[in-house]
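Just below is one structure, and these are the notes that go with it.
Derivation of every value follows stated rules applied to the coordinates shown; laboratory data play no part. What you are looking at is a predicted structure, and each value in this text was computed from that prediction instead of being measured. So basically every Cβ, Gly included, is an ideal-geometry build from the backbone, and we count neighbours across all protein chains shown.
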Amino acid sequence: MILVWLILIPFLGGLLCWQAERWGEQAPRWIALATMLFVLVISVLLWLGGNFSLPGNGESQWLLEWRVDWIPRFGIEIHLALDGLSLILVALTGFLGALAVLCSWHEIAHRVGFFHLNLLFILGGVVGVFLALDLFLFFLFWEMMLVPMYFLIALWGHSGSPGQTRIRAATRFFIYTQASGLLMLVAILALVFVHYSNTGELSFSYDVLRGTDVPEPLAFWLMLGFFIAFAVKLPVVPFHGWLPDAHAQAPTAGSVDLAGILLKTAAYGMIRFALPLFPEQSAAFAPVAMTLGLVGIIYGAVLACGQQDIKRLIAYTSISHMGFVLIALYSGSELAIQGAIILMVAHAFSSAGLFILSGQLYERIHTRDMRTMGGLWSRIPVLPGFTLCFVAASLGMPATANFVGEFMVLFGTFPSAPVVVVIASVGLVLAAIYSLLLMQRVHYGPEYRPGPLKGPDAREYGMMLTLLVLTIAVGLYPQPLLDTTAAVAAPVAELFTDGADLAARAGEVN
Amino acid sequence: MMVTPVVLSFLFPLMGTLILAFSAGRLGPRASSVIGVGSVGLAALATLWAVMGHGGGTEGVTLWTWIAVGDFQPTIGLAVDGLALVMMSVITGVGFLIHLFAAWYMTGEAGITRFYAWMNLFVFSMMLLVLGDNLLLLFLGWEGVGLCSYGLIGYYYQGLDNARAAFKAFVVTRIGDVFLALGLFLIFMELGTLDIATVLARAPELWAEGSATANLAALLVLGGALGKSAQVPLHTWLPDAMAGPTPVSALIHAATMVTAGVYLIARLNGLFLLAPDVMLLVGVIGAVSLLLAAFAALAQTDIKRVLAYSTMSQIGYMFFALGVGAFDAAIFHLVTHAFFKALLFLSAGAVIISCHHEQDMGKLGGLWRKLPVAYGGFVVGGAALVALPLVSAGFFSKDEILWQAMAAERTGLLIAGLLGAVLTGIYTVRLILGTFHGEPGSDHARHPEPGTSVFTHHLPLVVLAVLSTFIGAWIYPGLGGLFPEAPGDTVETGHTLLQVLAMGAAIAGLALAGWLFLMRRSWLDNITDKGAGAGLWKLWHHAWGFDALFDRALVRPWQWSVRMLRFDFINLFMNLPALIARAFNAGLVRSQNGRTRSYAVVMVFGTTVILLALALAPGGGA
Amino acid sequence: MNGIPMEHGLILASILFSLGLAGLMLRRSMLFVLMSLEVMLNSAALAFVVGATAWNQPDGQAMFLLVITLAAAEASVGLALMIQLYQRYRSLDLDAASRMRG
């Protein structure tokens, strides 16, 4: 039942925020903050009380499970379950949700209640995605995150340069994700019907569908359907067009949630659904996926260097970082998959930090154009130091979580795909270039305009410090996270070796 | 018990960093200096304690397991042996003196808290680099010092050139670091561990000498070392890095960080011994670097750039020593070099501050009477740099290197080393004469303000000057037992001959320089002003044009591709469906024109078509 | 009911219909458009009458009444629109009233 509450709390909190606007502007903010902290506390308590060792024979792989029938006629049920991976991501959602509320404290001035309604609905949808095991329910939550995000960008976004309006960015975001969601729906339905024609049982259940024997050419197309749906959200390079626009035009809270959590739903979807449902096809597809990951790493990095808008720059770095995650997921190595999970968390921290920082800069100098920055080091106290820390995290400086993630990915992938790792390593140099370029354009050089600016207040300082401490803590002692997700990563890694065995055996038979 | 002092030795600088970083401007310059200098001083004391308590051999302690997934078990663990202790002593000892000097040098600068925070963080990272018992922790320190170097080169952030120099330093060394990282991946895949001792034990068991894997692993590690130690071809960042404050150049870009590559290769000696070809390459790169840099140093006008090229040249000697298998000689030279190069840089710093940030030799001169302490520092340091026989520290270490090359029968390398020694003499004399003798070239040099502080100005210079004499060579403990046998350990014949040769080279350099600069000054100026001489001068002044080469071969294509890709052409392809939809829209909108007559026409046309279709369709109509 | 063959009546109806259609498509003035519409309606009505006569069926005559009623209603609405059009645009040109920019 606690799983239901995890999902319901943000939704209820959102409705409450909406109504609370009549008690004043501050009320929705405090309610939203309390709601997200509540989610965070619940998940941390679950974490402290959980046992995350590999399940023995016959034991459930889930830490908590909750299922009731929903539409029995079609075999649809409300099936929620929690394991180490979902738990970490739910906790991350709670944490970044709280940060998103905090960072929009002064930024959002009109329709405060409705803003927080949308924010909390997104987060509720995300928690749902992380917990849902029924494919229909998963799809429902997957789509549910999009609509409030659309409003968040369209109503509270910044209108950027001419031709780059927030409505346009929001529409683009919506079309991309909606179209990809449609692909996933088709793939889900096809899978269900194949299972129906095999067994005569109509079911959307994850456990049931995992064993489905799908005929060969169809299985590949279904795998591709899932892959593209998640690839758009990750994003993987040809499908990344929505990301820079959405990030650049979204309010800070929107960017934080997009980069910090929404991108992670895609990686989660791959680990949870795309790979286990179609292990052999995924194994066969791995070289393509890895190549796409490489293209993402390099292409994202090159484009990041060419941006003038600070938020667009950070957005493109996300593409680059997610390339590492994609490579890791298809490497079939437990070390790399564990690394990818760490990298997801690390990227959530570092990109959230950078987005919040650029939001704080925007509040002070009212521009995101780096050509009109420069020399801010002498004008703003403290913030440049924090920027340098997060930039260092973003370029994978050891002792930050990003380093642990990236290097585990590379160490894990090297034995199976050395060439991929060699090329991906070029991304490490490029990461240094774009990260330092940001630093240099914003904070170094002569002052673009004279005059000191206000330093961070307690709220801003606290957010930055918390993120930084977490980044370094995970960088120096990631073991608690690794232990939590070990039971998830190991089976996913084994999928590929099993798949390869099967293929080899099939080859012998032939 | 060893653990306490060793842990303290790097915790003190870390605490210093944290206190300074979180003071958020509440500390005054004086308090910042006290904390910054004090923390390194305490670290030096802790190191002294560790050295006293060291019982020989390797003592290790694992603080905690960093990451544990399957076989991948790197720890946060320390390994203390003679090599680590020598390095720690250099880092904290020389580091402390430089910090102390910085208190004088940085007086009146803005952001002194930031300066000391970075410096302390640097000492911390460097300590982790030498103490780490596994390659991943070493890599942590390795990258950490790079970041600190970035922060300190860009310390004067308002100049765009400084920011660019910092950027260049970081990116170029990062290229080397990626090679090192690939080396780590390879080592882990093949040997299943990153623990240094285990790697060194397993490598000879699993890899045949000269096998492709061993060569590749050594080559990749070498790539990392080249970047950090500014050896050809990844050396172009070092001269530009002089944009940082002079104490930074002394600590990071002379005494410690740039020698990290030497430390790395010495630490992984077993790996390199399995790859004789790579060892030879190390030696050759060292020789090439030392010659290229020595020639470049001849034609610099900025005193700090002369010292930068001389640093590169001296590290070339260390690589040269590593290449012939004389690891102990390389570390010996590393230590003496740390002493005398720190001395030279600090003396240069004293000159620069006294002359109001004037560092062009053409505008200095005639300072020897007015800045006696700095002059003394330059003379003693310069003597060590040219390896003045018997009295200087540099003589003993350089002699050892040349002797090992001779014993290893690497005649080509030996000749390069001797030639380098001659060149060193020439550029050192040129540097000292240009800075301290002759006529002052500017008002700043005519009226210098000598440093007067005994504690923060005189003391560091004097201590380093003492260490740069034979005393510095004398206190070096010798690490022969830690390393595989060097070629010169077994051979005896010819050592005396070599010593004579080395002395001869140093003295020849000095004499030649004296003759050239004192007797034939005008002739020299003539030559360098026109014709081939001027071309040579220009070539050497730009250090053989590596910068221009990299600019054309790498930087410009990169910038071009960034400009080309800036508008995200792949995304434009994804806009294709939108464009097609829009084209349809444009076509159909035209029919929706609000003119009744055209609607009527279209309707009639449509009706006719449908009726005709019905009439003509098979089975339809009548 | 002999004399005039059905074909003649139908040909007349279709000629009238074509004339009306041509008027509808070619004329700009709303008055003529309305008149053309009337002609087309009446041609259809004529066809009904001819058909009804030929087959001796009363349905055709009933349809004729319906068409006339329809034509009257159409004329009244059309004329009302025409007056409005004229008042707004001071012209009976239908194209002038088009505000769509395709």
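Here are the numbers for this structure:
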item: Equivalent ellipsoid semi-axes, segment B:163-319, via Cα gyration tensor eigenvalues times 5, rooted, Å; result: 31, 16, 12
item: Per-residue average of Cβ from other chains inside 10 Å of B:175-188; result: 4
item: Positive-pole candidate from A:H116, A:A473, A:L146, dipole of chain A, charges at beta carbon; result: A:H116
item: Ratio of the Cα radius of gyration of segment A:1-277 to 2.2 N^0.38 Å, where N counts its residues; result: 1.03
item: Cα gyration tensor category, rounded, prolate or oblate, for segment B:567-622 with a/c compared to 1.5; result: oblate
item: Mean separation of Cα contacts under 8 Å, 6 or more apart, over the residue count of chain A: relative contact order %; result: 15
item: Tail weight of P(r) past 45 Å, computed on alpha-carbon pairs of chain A, percent; result: 9
item: Sequence ranges B:481-490, B:314-323, B:239-248, ranked by mean other-Cβ count within 10 angstrom, highest first; result: B:314-323, B:239-248, B:481-490
item: Protection proxy ranking, peptides A:284-293, A:243-252, B:426-435, average beta carbon neighbours within 10 Å, highest first; result: A:243-252, B:426-435, A:284-293
item: Rg/Rh ratio calculated on Cα atoms of the protein assembly as shown (Kirkwood radius); result: 1.13
item: Cα gyration tensor category, rounded, prolate or oblate, for segment B:495-579 with a/c compared to 1.5; result: oblate
item: Within-14-Å neighbourhood charge of A:L383 [Cβ basis; K, R +1; D, E -1]; result: +2
item: Residue order, fewest to most surrounding Cβ atoms within 10 angstrom, among B:S468, B:S392, A:S320; result: A:S320, B:S392, B:S468
item: Packing-based exposure ordering (other Cβ within 10 Å, fewest first) of A:V232, A:V186, A:V129; result: A:V186, A:V232, A:V129
item: Candidates per trypsin sites (Lys or Arg not before Pro) in segment C:15-102, loop by DSSP, up to 13 other Cβ within 10 Å; result: C:R90, C:R99, C:R101
item: Sequence-separation-based contact order of segment B:54-159, relative, with Cα cut under 8 Å and 6+ spacing, percent; result: 25
item: Crossing angle, helix A:479-509 versus chain A [Cα axis fit, 0-90 degrees, rounded to tens]; result: 40
item: Neighbour-count order for B:W64, B:W537, B:W368, fewest beta carbons within 10 angstrom listed first; result: B:W64, B:W537, B:W368
item: Once the Cα gyration tensor of chain B is diagonalised, semi-axes √(5λ) in Å; result: 55, 32, 27
item: Rounded, prolate or oblate (a/c below 1.5 giving rounded, otherwise prolate when a/b exceeds b/c) for segment C:6-90 by Cα gyration tensor; result: oblate
item: DSSP-assigned coil residues among trypsin sites (Lys or Arg not before Pro) in segment B:494-532, each with at most 15 further Cβ atoms within 10 Å; result: B:R520, B:K530
item: Alpha-carbon Rg/Rh ratio, for segment A:289-482, with Rh computed the Kirkwood way; result: 1.00
item: Those trypsin sites (Lys or Arg not before Pro) in segment B:319-413 that DSSP places in a loop and that have at most 11 other beta carbons within 10 Å; result: B:R369
item: Label-point gap, in nm, between B:F605 and C:F32 - each point 7 angstrom along Cα→Cβ; result: 2.1
item: Scattering curve values for segment A:295-404, log₁₀ I(q)/I(0), Debye with Cα scatterers, q = 0.13, 0.16 Å⁻¹; result: -0.52, -0.74
